[in-house]
1. What is the gain in length, in nm to one decimal, between Asp199 and Ala181 on full extension, counting 0.36 nm per residue of separation less the C-alpha to C-alpha distance?
2. Using a Gaussian network model on the chain with a 10 Å cutoff between Cα atoms, which of Asp128, Asp199, Asp67 fluctuates the most?
3. Quick one: dipole size for the chain, taken about the Cα centre, charges +1 on Lys/Arg Cβ and -1 on Asp/Glu Cβ, in debye to the nearest 20.
4. Can you tell me which of Arg129, Arg93, Arg164 moves the most in a GNM of the chain? Springs connect C-alpha atoms under 10 Å apart.
5. Quick query: amide H of Met207 versus all other amide H atoms, modeled in the peptide plane; which residues come in under 5 Å with a sequence gap of 5 or more or a different chain?
6. What percent do you get for the relative contact order of segment 207-251 when only Cα pairs under 8 Å and 6+ apart count?
7. Which one, Val232, Phe59, Gly98, projects farthest toward the positive side of the charge dipole computed for segment 12-247 from Cβ point charges (K/R +1, D/E -1)?
8. With only Lys, Arg, Asp and Glu charged, each at its Cβ (+1 for the first two, -1 for the last two), find how big the charge dipole of segment 134-215 is about the Cα centre; round to the nearest 20 debye.
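None of the figures in this text is laboratory data; all of them are computed from the coordinates on show. Owing to the predicted nature of the structure, the values given are computational and were not obtained by experimental measurement. Glycine also receives a Cβ, built like all others from the backbone with ideal geometry; neighbour counts cover every protein chain displayed.
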Amino acid sequence: MRRNDVHTMTAPAVRLDAVTKVYGSGENKVTALREVGVDLATGTFTAIMGPSGSGKSTFLHCAAGLDRPTSGSVRLGDTELSKLSDNELTVVRRDRIGFVFQAYNLLSSLSVEDNVSLPLRLAGRRIDRGWIAQVAASVGLGEHLQRRPAQLSGGQQQRVAIARALVTRPDAVFADEPTGALDTRTGRQVLELLRQIVDEGGQTVIMVTHDPVAASFADRVLFLADGQLTGVLDAPTAELVADRMTKLGAW
Ligand SMILES: Nc1ncnc2c1ncn2[C@@H]1O[C@H](COP(=O)(O)OP(=O)(O)OP(=O)(O)O)[C@@H](O)[C@H]1O
């Protein structure tokens, strides 16, 4: 184990080992992540914070198999992602990882029910309407299964996106600024929902955010600066997170 790495004793949902990501080459070379090693424990909620350009999105993309590290390894459960072909990686992303984005990314022509079940359809898996209804109900949308996204508020649309992320019973859910487009109150409800899927559903959630209040919903905050993992804060409060961010020169 490397000295500055953050590893846990129980089997993690996701493990990054010495992950380095370099974009471009020559004069345009940017090292977005430098030897990042961390375990994301199963059944926990982790927030990723850091100044603009510190590597948060790159971290999320590498950890979620959306992008490949230049060196180092990423494991999802027992699966070493770097050993997979592009096709195998696509299947892992589709079947074992949930994604929630700032912009919801719902299909406007489909009902809530069909948006939520889409990952199962794409995987050619059987659609159990009872399970879809259960997942929709768990995010508070049980009454709205037949509505289309345009007939829902922003917060409700993000709930659909969370239900869609959960429908495959993924190993981990990755969220990129999930409250970035929402007002404070609605954003809080979405954060409470993410907290609930960890506490009651045993899910593993990893969220990039700029907001110390959002980060305070997590069990642990990882701080990135200049592509390096520079700190960890357990049981965060918004004040402690803001204080660390100030020390990182984030604002
Ligand atoms: N596709 C790319 N090609 C070249 N450089 C990139 C690419 N993506 C990111 N970078 C660079 O890598 C570094 C880290 O970017 P990243 O988007 O991961 O940071 P971030 O912390 O998510 O930033 P922000 O908070 O502004 O979204 C930055 O210097 C960025 O300019």
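1. Extra length available between Asp199 and Ala181 comes to 4.0 nm.
2. Asp128
3. Dipole of the chain, to the nearest 20 debye: 420 debye.
4. Arg129
5. Counting only residues 5 or more places away or on other chains, the set is Thr46, Ala47, Ile48, Ala175.
6. Once normalised by length, the contact order is 36 percent.
7. Projecting each Cα onto the dipole axis, the largest value belongs to Gly98.
8. Dipole of segment 134-215, to the nearest 20 debye: 300 debye.
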